[in-house]
Amino acid sequence: MSKKPQIIIHSNEGYHNTISDQDNLKKNAYQDLSTICIVPTRGQIPAKVVQAWMALMSPMNQKFVRMFAVGLEVGAAYSETIENIIDHPELSQFKYILTLEEDNVPPPDGLIRLYENMNKYDVIGGLYWTKGIDGKPMCYGKHDVFPVNFVPFMPEPDTVTRCNGLGMGFTLFKTEIFKNKKLKKPFFQTVQRYTPGVGVEGYTQDLKFFENAGKLGYKFACDSRVKVGHYDYENDTMW
């Protein structure tokens, strides 16, 4: 039996994002907010996700470019695309890189809000959750807890909370980070290995980057005002 047609007009904030937001947007038009948006994809993106992307505001009179990396493993997609950007005479001059994944649904003002605190941090991500009723916030490691860890935690509501790592579903990076010769390459690499005498090491591509960049003194934060849905296409559920 075929599914009934849907008219998509409802909220896409996601199951876990129920925090109200009454703040006014700050104006950033006078700053250089040139941004390249990288989207790793398997090649097909759900309509509900695309609709939200079409509503995403970018700053007026600023450069905003989208680049799609199709069919690559996610770590390779990010690493290879960013390598191409920093080697390009024009693209390398863009101030920011925004990562956006094919099942993440940001609010229309999400990017505008991320810009607001980029003078204080090097990377800021919106708040989204792993899929499922027991989903975890993709905000990892309280920065003032030692030893350094990447344990998921709930950031403070309606504010910007410093952390040790983030997911990459809707995350804004300063391009200059990737020009640092001390930052290990590939920038993003999924790691799952056992070393005798050391033990098991396992990282998704995002947290491996944040571990390496954190050691160089870069600062990261989660903006819980930017409530990002995580879409489960098979079950038509926004987490």
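No value in this document is a laboratory result; all are computed from the given coordinates. These figures come from a predicted structure and were not determined experimentally. Here the Cβ is made from the backbone with ideal geometry for all residues, glycine too, and neighbour counts use every protein chain on show.
General remarks:
- Ile133 paired with Glu83, simple spin-label distance in nm, labels 7 Å along Cα-to-beta-carbon: 4.4 nm
- Rg/Rh ratio calculated on Cα atoms of the stretch 35-238 (Kirkwood radius): 0.94
- Members of Lys48/Lys174; Lys142/Lys181; Lys48/Lys142; Lys120/Lys181; Lys48/Lys120 lying beyond 25 Å, as alpha-carbon distances in this model show: Lys48/Lys174; Lys142/Lys181; Lys48/Lys142; Lys48/Lys120
- Label-point separation in nm, Lys179 to Asn117, each point 7 Å along Cα→Cβ: 2.6 nm
- Using a Förster distance of 35 Å, the FRET efficiency for Met154-Leu72 (Cβ separation, nearest 0.05): 0.65
- In percent, rounded to a whole number, the relative contact order of the stretch 33-133 is 41, using alpha-carbon pairs under 8 Å and six or more apart.
- Computed lengthening from Val65 to Thr237, 0.36 nm per intervening residue step minus Cα-Cα distance: 59.0 nm
- Cα gyration tensor, the stretch 66-124 - rounded (a/c under 1.5), prolate or oblate: oblate
- Spin-label zone in the stretch 147-164 - amide nitrogen under 19 Å from a point set 7 Å from the Cα of Lys219 along the C-beta vector: 148-149, 155-164
- Under 5 Å, built H, 5+ apart or other chain: amide partners of Cys139: Phe153
- Cα gyration tensor, the stretch 119-239 - rounded (a/c under 1.5), prolate or oblate: oblate
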